[in-house]
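Asker: Pasting a structure here, questions to come.
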Amino acid sequence: MAINYKDITIVLVAYKSNFKIEKILKKIDKKVRILIIENSNDKKTKEYFEKNYENIKVILNSENKGQTGGINTGFKNVHTKYCIYMDMDIHFDIKIIDKFYQIAEKINDFGLLVPPHNKSEYPKEFEFEETQVKYDNLKRMRIVHGYFMFFKMSAVKDVGYYDENIFFYFDETDYCLRMISRNHKIYIVKETVVQHEEGKSYDKNIENNNIEYLRQWHYMWGKFYFHKKHYGYIKALLATFFDLIECLVKIPILFFFSKNKFKIYVNRITGLMCSIIGKKSYKRL
């Protein structure tokens, strides 16, 4: 099957990540339209990529909107049949985009296609139980990880945008549940490989500790918010109860033995408490 690259737009969400963008671009056919959503409002990034690549448009966000806000900015500017979102800390074969396109053209009942998770098996509760297997090379899912996602844009228009209350963590989980609630199916494309290096898409000059503190804060904020949104306030409290106890036990001990781990748990409990009292997800680099 001939690939019509005019049907595809790739969305990359960046935050001072030029060194990673260049590596990704080498594996993408120049016929494919690419949108780079730059969350740092770096005008030099826009100037450089639009000058050197005819197939790239850079959209600058005036503030750091995180992954969810970045993806939404991308969705609002996609005018093709399909959209691929990909993290920049991934490795993939140059033919994988063709593979996903060919499958998308053969089936109609999907909203989202993804590769298998490269580091571990998905939990059973993430899988969709079916008495009949419709496609041999696909596995139907309830929830998938979001480092490489092939969207059908008609499904996106029906489901709506990502929840921008979530800066990152639990964003794709929330979106998956919303997608299946609208009867759009999610499939893993079994015979594809995408390697994901989690946490490697940011600027080398940003301190690793600061990134880790940010992640821990948002993980706990997102965990409570997600459970509250989908299952109610009481279940959200139950889902995060042991996280709260762990923080309360470890913080006074780690204060004397490990300043770094102490700060990690302070960020965890601070993010959790902010979410519990309904405070917005405000922490940024």
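Asker: Please find, within the stretch 125-158, the residue that is surrounded by the fewest Cβ atoms within 10 Å (Cβ to Cβ) out of those that are of a type in the set (Val, Ile, Thr) and modelled with pLDDT under 85.
Answerer: If we take residues in the stretch 125-158 being of a type in the set (Val, Ile, Thr) and modelled with pLDDT under 85, then THR131 is surrounded by the fewest Cβ atoms within 10 Å (Cβ to Cβ).
Asker: Mind listing whichever residues of the stretch 77-124 are open to solvent by 60 Å² or more (accessible area, probe 1.4 Å), under 25 Å from ASP158 (Cβ atoms) and either among the acidic types (Asp, Glu) or at pLDDT below 90 (or both)?
Answerer: GLU105, ASN108
The rows are residues; the columns are (1) more than 14 Å from the chain's Cα centre (by Cα); (2) closer than 20 Å to PHE151 by Cβ.
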site	(1), (2)
ASP7	yes, yes
VAL11	no, yes
ALA14	no, yes
SER17	yes, no
GLU22	yes, no
LYS43	yes, no
ASN52	yes, no
THR80	yes, yes
ILE94	yes, no
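Asker: Which fully enclosed strands (runs of 3 or more DSSP E) of the stretch 84-181 have 2 or more residues being in contact with a strand residue (DSSP E or B) (Cβ under 6 Å, 6 or more places away or on another chain) and within 29 Å of SER275 (Cβ to Cβ)?
Answerer: Strands (runs of 3 or more DSSP E) meeting the threshold: 112-114, 148-152.
Asker: Residue pairs, Cβ under 7 Å, 6 or more apart or interchain, first in the stretch 224-245 and crowded, with 16+ Cβ neighbours inside 10 Å, second not in a helix (DSSP H, G or I). List them.
Answerer: These pairs meet every condition: TYR225/ASN165; TYR225/ILE166; PHE226/PHE170.
Asker: With the requirement that a residue be of a type outside the set (Lys, Arg) and either touching a strand residue (DSSP E or B) at 6+ places or on another chain (Cβ under 6 Å) or modelled with pLDDT of 95 or more (or both), what does the stretch 26-49 give you? Write out each step before concluding.
Answerer: First pass over the stretch 26-49, keeping only residues of a type outside the set (Lys, Arg): 28-29, 32, 34-42, 45, 47-49.
Scanning the stretch 26-49 gives VAL32, ILE34, LEU35, ILE36, ILE37, GLU38, ASN41, THR45, PHE49.
Asker: Being in a loop (DSSP other than H, G, I, E, B), in contact with a strand residue (DSSP E or B) (Cβ under 8 Å, 6 or more places away or on another chain) and open to solvent by 50 Å² or more (accessible area, probe 1.4 Å), is that true of even one residue in the stretch 13-25?
Answerer: yes
The values are calculated or read from the model by the stated rules, or taken from the named source; none is laboratory data. None of the values given here were measured: they were computed from a predicted structure. Heads up, the Cβs are rebuilt from the backbone with ideal geometry, glycines too, and the neighbour counts pull from every protein chain shown. Areas reflect the complete protein model, heavy atoms only, side chains present, ligands, DNA and RNA absent. Shrake-Rupley method; radii C 1.70, N 1.55, O 1.52, S 1.80 Å.
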